[in-house]
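The values are calculated or read from the model by the stated rules, or taken from the named source; none is laboratory data. Please read these numbers as outputs of a predicted model, since none were measured by experiment. Every residue, glycine as well, gets a Cβ built from its backbone with ideal geometry; the counts of neighbours run over all protein chains shown.
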Amino acid sequence: MESSSGTVLTGHLVPIEGMSFWRIITVMSDACFRINTPSVVYERFDNELVAIHMGTGVYHSMAGAATDTFILLSDEATAPELAQALAGKYAASSGEILAHLTPFLEQLQSEQLIVTVESRKTRSPLHLDGEARGVPFLAPTLEAFRDLEGLLLLDPIHEVDDEGWPPPSSSAKA
C-alpha cells in the first residue's frame, strides 16, 4: 500500500496494552527521514520545540515525545529506530510508540518539516540525551500556526555575518 506522500506502507501487528487483541497498524517501511534543513529552523525550549519553515512562513510547536522525535531526526532515522530510542525514555513499548509515530511523521512530511533520505549516512544507534526513564508517553502532536505566515514571507529573516545586513554594495567596499 502507498501513502498519500508516496511512501510505501506495510502492516505490522502491535499488541494493545491492557487488551487481549492485536491491532494491525501501518508504518512507513524502511523510509528514512531527516529535518528539512536549511528550509526549517528550530529551537528547543525545555520540553517544547518551535520549528519554522522559512519557505512557507508557518511555525510549529511540539512538546514531549514530539520534541524528542524531532531532535532525533537531526541524525536521520526510520520510524522503528525512533520508536526504539523513545522506548528507552518513555513508559511504553517500541510497538506502542511506533503506532503513534506513523501519523506524526506523515504530518511532519505534509508540513514539509522532514524529508526522506535517499542515501543514509553511517551513524551509531540513536539515543536520547539525559537519564530520564519511565516518563509517561503521550502520542506526539504537532501544532501549526499560520497567523504570522504572511509577515514572515513579507519580511524574511536574513542570515547576518560580520558585514551586517544588508551587505554593503560593491562600490561601498572599494
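Output the number of residues of the stretch 45-62 satisfying the condition of being among the small types (Gly, Ala, Ser), outside any strand (DSSP E or B) and touching a residue at least 60 places away in the same chain (Cβ under 8 Å). Reasoning before the result, please.
Residues of the stretch 45-62 that are among the small types (Gly, Ala, Ser), as a first pass: 51, 55, 57, 61.
Next, from what is left, pick out any that are outside any strand (DSSP E or B): 55, 57.
Applying the additional criterion that residues be touching a residue at least 60 places away in the same chain (Cβ under 8 Å) yields 57.
Selection size over the stretch 45-62: 1.
Go through the stretch 54-74 and give me each residue that's over 10 Å from the mean Cα position of the chain (by Cα) and farther than 17 Å from residue 141 by Cβ.
Of everything in the stretch 54-74, those that are over 10 Å from the mean Cα position of the chain (by Cα) and farther than 17 Å from residue 141 by Cβ turn out to be 54, 55, 56, 57.
Scan the stretch 78-85 and give yes if some residue there is of a type outside the set (S, T, N, Q) and either under 25 Å from residue 147 (Cα atoms) or modelled with pLDDT under 90 (or both), otherwise no.
The answer is no, given that none of the residues of the stretch 78-85 is of a type outside the set (S, T, N, Q) and either under 25 Å from residue 147 (Cα atoms) or modelled with pLDDT under 90 (or both).
Can you name every residue in the stretch 131-165 that is surrounded by 12 or more Cβ atoms within 10 Å (Cβ to Cβ), outside any loop (DSSP other than H, G, I, E, B) and at pLDDT 80 or above?
135, 144, 145
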